[in-house]
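Every number in this text was worked out from the coordinates using simple rules, so none of it is lab data. For clarity, every value in this text was computed on a predicted model and none was experimentally measured. Note that we place each Cβ from the backbone using ideal geometry, even for glycine, and neighbour counts take in every protein chain shown.
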């Protein structure tokens, strides 16, 4: 039961959720960091990490995508969830503009949002490689 629930959680977490045309963005799990590759034109990005023992961390980037670095000693072994959100450079026309009082600087568009979620595992103070998460830490693909 535990392994089936974990497998489902991993499948959902690794799939991610995207609402922008930046579908080519991939999470890169390395021993000491979580970063993202692919996609361009991101602004105002926010990466939220939550995990065991009420762990919470936030990384931001005004341009591009943020990087989260493992905080040695502060992060207990277990599964952590991340949520990445940002604005893309793709413009979406506002169908019913409202006078917001900005006069000539008022825009008739919004920047399309991008969202992605996933999980990763910390074991002995480092991030478990994504290949091992997919098949289980002992290599058993039925987990």
**Request:** Check residue 54 against each of (1) in contact (Cβ under 8 Å) with a residue 40 or more places away in the chain; (2) loosely packed, with under 12 Cβ neighbours inside 10 Å and name the one condition it does not meet.
**Result:** (1)
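Just to be sure, is residue 41 at positive phi and in contact (Cβ under 8 Å) with a residue 12 or more places away in the chain?
On the way: at positive phi: yes; in contact (Cβ under 8 Å) with a residue 12 or more places away in the chain: yes.
When the stated conditions are applied, residue 41 passes them.
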